[in-house]
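Trainee: Sharing a structure below in structure tokens format, with a few things to ask.
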Amino acid sequence: MSSPVVLEKHGSIGVILVQNPPVNALSQAVRQGLADRLAEAIADDDIKGVVLAGDGRTFIAGADIREFGKPMQAPDLNSVIRAYEESPKPVVAAIHGTALGGGLETAFAAHYRVAVAKSFVGLPEVKLGLLPGAGGTQRLPRVAGVKTALDMITSGDMVPAPKAREAGIVDEIVDDLIPGAVAFAEKLVAEGAPLKVISAGRGKLDEADPAIFDEYRAQVAKKARGVLAPQNCIAAVEAAVKASSFEDGLKRERELFAELMESPQRAAQIHIFFGEREVAKIPDLPKGTEAKKIGKVAIIGCGTMGGGIAMNFANVGIPVTIVENEQAALDRGFGIIRKNYENSAKRGRFPMDEVEKRMGRLTPTTSYDDIADADIVIEAVFEEMGLKKEIFAKLDQVMKPGAVLATNTSTLDIDEIASATKRPEDVIGTHFFSPANVMRLLENVRGEKSSPETIQTVMDMGKKIGKVAVLAGNCHGFIGNRMLHPYRRQAEFLVEEGAQPEDIDRVIYDFGFAMGPFAMGDLAGLDVGYRVRQHQLKTWPQGKRYSSLGDKIVEMGRHGQKTGAGWFLYEEGDRTPKPDPVIKELIEKHAAEAGLKRRAVSDEEILERCIYALVNEGAKILEEGIAIRPVDIDITYVYGYAFPKHRGGPMHYADHVGLDKVLARIRHFHEISGEDEWKPAKLIEDLVAQGKGFKDFTR
Ligand code: 3HC
Ligand code: NAI
């Protein structure tokens, strides 16, 4: 079998090229090829120096993630790296695309590194629940210093080549990759330059203040609560400084790496890595379906969502025209967008002059005539079916043929909205999450008649604006909000039965969510849900449990943070939720009136009832085909609802607990509550009967 690594001769320089598309991951065959080609280059007397490069679109983007969790097959990466370091002939790594993880670690084995200006380097292992396990935590602080190493390794973020050069990671920027690297190697040979082996000395290790490790530990504990990987990353860099030799430091890195490899967090984060890519694949779209070009965007409504959505496009250079009924609403909306941009610039996210550039891509108007030539229009007006249908009828009249007509509705029937037009094939839901310029999820919702091109267009659009796009089917609340409903109901029932709102929020926060359901309600505003519930109550099914506790709170004028009080109390200028004795009293009174005998509710029950409510509804959503795969639900929850990434989303989490155990608890909750909502999803029963989990789900 041919090797994915080849050796070419460019005069007296041997060029070792990795050819393992798409990203030149370090599979077993690549590791073997790297070792073999180096041995050949060393044995060849005509070769005086070596260049190591990647063929295709990138240098090496890291270990082959698909091999994780399987037995390691020799040679391991550390021994390949050692062989390159020990090469008697100078080795130059030539970087283009991305040198990531094991890829950058391999580049550190070279005696010198050159890179094209547009390339990036990074150690992103932390994002997969890991740490750089092939010497990255030992070599990076030696070349770039402890602080830069801690920043790069604990964030996993990529660094552009020019910055990497300043940090000492790259020795020279070249214009033309292979010719530039070959010329660099020829020069080394001609000058008899020293073979710089990073691991041979302490480099910049001793420049750091020893207190830095505790500072980073505290920072990371706050930023990545309950996440193991960044803590182990810090411990590994600390070992580089404190170990008596490079070998000892490397040994500690291996131990810390092995610990992470065994952790369920690693499995969860890798599930999310592949999930992000999986959700882009829509199995029933005809092969070769082309997305429409999006060069101009229109948005209807410049409120909370319309403004945020517009920013996504302006950020990537796409012009947007925003329609409102009145100039005053436009002025208000544009003022908020400008403020947002200015704040980002002040925080150093981009230079100040970017504010004007981005604002310059946004055009306000009160006339629909100004949007007729947009490639896509996204409606983001109030959540009212009548209004939305009126707007879609107007869009049908004014928009050019083939334009995508999208709605940002968070719950409403896409087909009913589409029925207001004569072109339902062009209509689709594009559900953004608040704040729309920040949250990574885009939940696209296909209507019955949405065409493949329309679907492909909004899926591609997600990628273009840096979102993770999931495709959902049309039902009340789609994937995300439909699941949220039973989750919130359980939280309120638990309060009626004996828990306090702060107990629920603490358990959910400790599980890893950014906040619990009650703090979330207070943040979003309780009046919104109240209005929806008052509407729903008119047709509430007889016998279905309803908690009016939340309504009573709104009726007290407590609408959440914006009124200084909701489920919790907020002091002036402080967003920290504080438990309120008034609410405690209200709960007691409410329970007594409802004839509920309050009891002690355990943390375990809180967690199970909230999370398994999500899982059971998620399974029903899968059964109905509203979600394509379990991972679509996991991605929706991680990127739209801040479900802790290191737990892999609700469906992955259920598999981790054991779907049979989850089913037993769901059955128990069904039995004691008699609630329809707890009726176990047939899909869960079927999977458990076959000894399977969501990971085995197929259609
Ligand atoms: N291993 C296996 N497959 C990988 C991979 C890897 N390291 N990196 C990417 N792929 C796959 C993707 O799953 C995708 O497969 P698909 O086409 O079947 O869906 C394909 O390669 C293309 O990837 P992207 O769609 O992500 O391509 P982009 O061009 O958008 O991005 C990239 C390229 C920036 C390299 C991005 O893929 C990426 O960030 N990859 C992961 C890099 C990484 O985490 N490296 C560290 C690995 S861990 C490690 O090295 C441990 C070591 O310290 C011992
Ligand atoms: P908002 O009240 O902040 O903004 C709505 C805007 O639409 C207002 O500026 C209003 O002036 C404008 N508007 C009303 N009628 C109009 C018309 N005929 N023509 C042009 N503009 C008109 O509301 P928000 O929060 O931005 O919600 C908009 C949509 O997004 C709703 O469908 C909502 O369900 C959905 N959504 C809201 C989320 C949120 O967290 N706020 C999250 C996801 C979706």
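The values are calculated or read from the model by the stated rules, or taken from the named source; none is laboratory data. Quantities reported herein were computed from a predicted structural model and do not represent experimental measurements. Virtual Cβ from ideal backbone geometry, glycine too; neighbours counted across all protein chains shown.
Trainee: Does I299 fit the bill of being in contact with a Gly (Cβ under 6 Å, 6 or more places away or on another chain) and within 11 Å of ligand 2 (Cβ to nearest atom)?
Mentor: Yes.
Trainee: Same structure again: Considering each residue of the stretch 415-437, count those that are within 12 Å of ligand 2 (Cβ to nearest atom) and closer than 22 Å to G640 by Cα, and give that number.
Mentor: Summing the residues that are within 12 Å of ligand 2 (Cβ to nearest atom) and closer than 22 Å to G640 by Cα in the stretch 415-437 gives 8.
Trainee: So which residues in the stretch 454-491 are under 13 Å from K620 (Cα atoms), among the hydrophobic types (A, V, I, L, M, F, W, C) and assigned to a helix (DSSP H, G or I)?
Mentor: Within the stretch 454-491, M483 is the sole residue that qualifies.
Trainee: Could you check the stretch 154-176 and list, in sequence order, the residues that are assigned to a helix (DSSP H, G or I) and of a type in the set (D, E)?
Mentor: The one that is assigned to a helix (DSSP H, G or I) and of a type in the set (D, E): E166.
Trainee: A follow-up question, please. Please work out which one of (1) surrounded by fewer than 20 Cβ atoms within 10 Å (Cβ to Cβ); (2) more than 29 Å from the chain's Cα centre (by Cα) is the condition A642 fails and give its number.
Mentor: (2)
Trainee: With respect to the numbered conditions (1) at pLDDT 95 or above; (2) in contact with a Phe, Trp or Tyr (Cβ under 9 Å, 6 or more places away or on another chain), which one is the sole condition not fulfilled by S410?
Mentor: Going through (1) at pLDDT 95 or above; (2) in contact with a Phe, Trp or Tyr (Cβ under 9 Å, 6 or more places away or on another chain) one by one, S410 breaks only (1).
Trainee: Out of the residues in the stretch 67-86 that are within 32 Å of the chain's Cα centre (by Cα) and in a helix (DSSP H, G or I), state the one that is surrounded by the fewest Cβ atoms within 10 Å (Cβ to Cβ).
Mentor: By that ranking, first place goes to E67.
Trainee: Do we have any residue at all in the stretch 562-574 that's touching a residue at least 24 places away in the same chain (Cβ under 8 Å) and either on the phi > 0 side of the Ramachandran plot or in a helix (DSSP H, G or I) (or both)?
Mentor: Yes, that holds for at least one residue.
Every residue, every condition in (1) surrounded by fewer than 22 Cβ atoms within 10 Å (Cβ to Cβ); (2) of a type in the set (D, E, K, R); (3) under 21 Å from S410 (Cα atoms), yes or no:
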{"site": "T457", "(1), (2), (3)": "no, no, yes"}
{"site": "I479", "(1), (2), (3)": "no, no, yes"}
{"site": "R488", "(1), (2), (3)": "yes, yes, yes"}
{"site": "I504", "(1), (2), (3)": "no, no, no"}
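Every residue, every condition in (1) among the small types (G, A, S); (2) touching a strand residue (DSSP E or B) at 6+ places or on another chain (Cβ under 9 Å); (3) surrounded by fewer than 23 Cβ atoms within 10 Å (Cβ to Cβ), yes or no:
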{"site": "P351", "(1), (2), (3)": "no, no, yes"}
{"site": "S410", "(1), (2), (3)": "yes, yes, yes"}
{"site": "I414", "(1), (2), (3)": "no, yes, no"}
{"site": "A418", "(1), (2), (3)": "yes, yes, no"}
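Trainee: Next question. Inspect all residues belonging to the stretch 134-148 and state whether any of them is more than 16 Å from ligand 1 (Cβ to nearest atom) and over 22 Å from D206 (Cα atoms).
Mentor: no
Trainee: In addition: Do any residues in the stretch 195-224 that are touching a residue at least 12 places away in the same chain (Cβ under 8 Å) and surrounded by fewer than 16 Cβ atoms within 10 Å (Cβ to Cβ) have Cβ atoms under 9 Å from those of residues that are among the basic types (K, R) and part of a helix (DSSP H, G or I), where the two are at least six apart or on different chains, and which pairs are they?
Mentor: Listed pairs, sorted by first residue: G201/R142; R202/R142; E207/K147; P210/K242.
Trainee: Okay, moving on. Could you check the stretch 2-63 for strands (runs of 3 or more DSSP E) lying wholly inside it with 3 or more residues that are aromatic (F, W, Y) and over 15 Å from A83 (Cβ atoms)?
Mentor: Here the list is empty.
Trainee: Name the pairs whose Cβ atoms lie under 6 Å apart, with the first residue in the stretch 1-22 and in the same structural domain as A39 (by TED's automatic domain parsing) and on the phi < 0 side of the Ramachandran plot, the second of a type in the set (K, R) and in a loop (DSSP other than H, G, I, E, B), and 6 or more positions between them or separate chains?
Mentor: Filtered contacts from the stretch 1-22: S12/K48.
Trainee: Can you name the residue in the stretch 312-335 that is crowded, with 16+ Cβ neighbours inside 10 Å and within 13 Å of ligand 2 (Cβ to nearest atom) and, of all such residues, is nearest to R361 (Cα to Cα)?
Mentor: Across the stretch 312-335, the extreme among qualifying residues is T321.
Trainee: Against the condition away from ligand 1 (no atom under 16 Å from the Cβ), under 21 Å from A329 (Cα atoms) and more than 30 Å from the chain's Cα centre (by Cα), how does D369 come out, does it pass?
Mentor: For D369, the condition - away from ligand 1 (no atom under 16 Å from the Cβ), under 21 Å from A329 (Cα atoms) and more than 30 Å from the chain's Cα centre (by Cα) - is met.
Trainee: I've got another one for you. Of the residues in the stretch 1-27, how many are surrounded by 15 or more Cβ atoms within 10 Å (Cβ to Cβ) and within 26 Å of I65 (Cβ to Cβ)?
Mentor: 13
One line per residue, one yes/no per condition, for (1) in the same structural domain as M305 (by TED's automatic domain parsing); (2) within 16 Å of ligand 1 (Cβ to nearest atom); (3) farther than 20 Å from I282 by Cβ; (4) touching a residue at least 40 places away in the same chain (Cβ under 8 Å):
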residue: K400; (1), (2), (3), (4): yes, no, yes, no
residue: P424; (1), (2), (3), (4): yes, no, no, no
residue: G429; (1), (2), (3), (4): yes, no, no, yes
residue: E453; (1), (2), (3), (4): yes, no, no, yes
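Trainee: For the stretch 248-271, state whether one or more residues are more than 16 Å from ligand 1 (Cβ to nearest atom) and outside any helix (DSSP H, G or I).
Mentor: Scanning the stretch 248-271, I find no residue that is more than 16 Å from ligand 1 (Cβ to nearest atom) and outside any helix (DSSP H, G or I), so the answer is no.
Trainee: A further question follows. Could you tell me which numbered condition D176 fails, if it satisfies all but one of (1) within 21 Å of V159 (Cα to Cα); (2) crowded, with 16+ Cβ neighbours inside 10 Å?
Mentor: (2)
Trainee: Still on this structure: Looking only at the stretch 366-377, decide whether some residue is away from ligand 2 (no atom under 15 Å from the Cβ), crowded, with 17+ Cβ neighbours inside 10 Å and either under 19 Å from T636 (Cβ atoms) or at pLDDT 95 or above (or both).
Mentor: Yes, some residue in the stretch 366-377 is away from ligand 2 (no atom under 15 Å from the Cβ), crowded, with 17+ Cβ neighbours inside 10 Å and either under 19 Å from T636 (Cβ atoms) or at pLDDT 95 or above (or both).
Trainee: Away from ligand 1 (no atom under 11 Å from the Cβ), surrounded by 17 or more Cβ atoms within 10 Å (Cβ to Cβ), farther than 17 Å from V143 by Cα and β-branched (V, I, T): does that describe V51?
Mentor: It is true that V51 is away from ligand 1 (no atom under 11 Å from the Cβ), surrounded by 17 or more Cβ atoms within 10 Å (Cβ to Cβ), farther than 17 Å from V143 by Cα and β-branched (V, I, T).
Trainee: Right, here's the next one. For residues in the stretch 303-329 being in a loop (DSSP other than H, G, I, E, B) and within 13 Å of I371 (Cβ to Cβ), which is farthest from ligand 1 (Cβ to nearest atom)?
Mentor: Applying the filter and picking the extreme gives E324.
Trainee: Go through the stretch 16-39 residue by residue and tally those that are closer than 24 Å to A185 by Cα, in contact with a strand residue (DSSP E or B) (Cβ under 7 Å, 6 or more places away or on another chain) and either of a type in the set (G, A, S) or within 16 Å of ligand 2 (Cβ to nearest atom) (or both).
Mentor: Here the count works out to 1.
Trainee: On to the next question. Among the listed residues K339, K287, K292, which satisfies the condition of being of a type in the set (K, R) and within 16 Å of ligand 1 (Cβ to nearest atom)?
Mentor: The unique qualifying residue is K287.
Trainee: Got a sec? Which of P194, P179 is over 20 Å from P132 (Cα atoms), modelled with pLDDT of 95 or more and assigned to a helix (DSSP H, G or I)?
Mentor: Result of the check over P194, P179: P179.
Trainee: Name the single residue that is farthest from Y612 (Cα to Cα) among those in the stretch 677-694 being assigned to a helix (DSSP H, G or I) and of a type in the set (A, V, I, L, M, F, W, C).
Mentor: The residue in question is A689.
Trainee: Being within 11 Å of ligand 2 (Cβ to nearest atom) and within 14 Å of T457 (Cβ to Cβ) is the filter here; which residues of the stretch 378-410 pass it?
Mentor: Within the stretch 378-410, I378 is the sole residue that qualifies.
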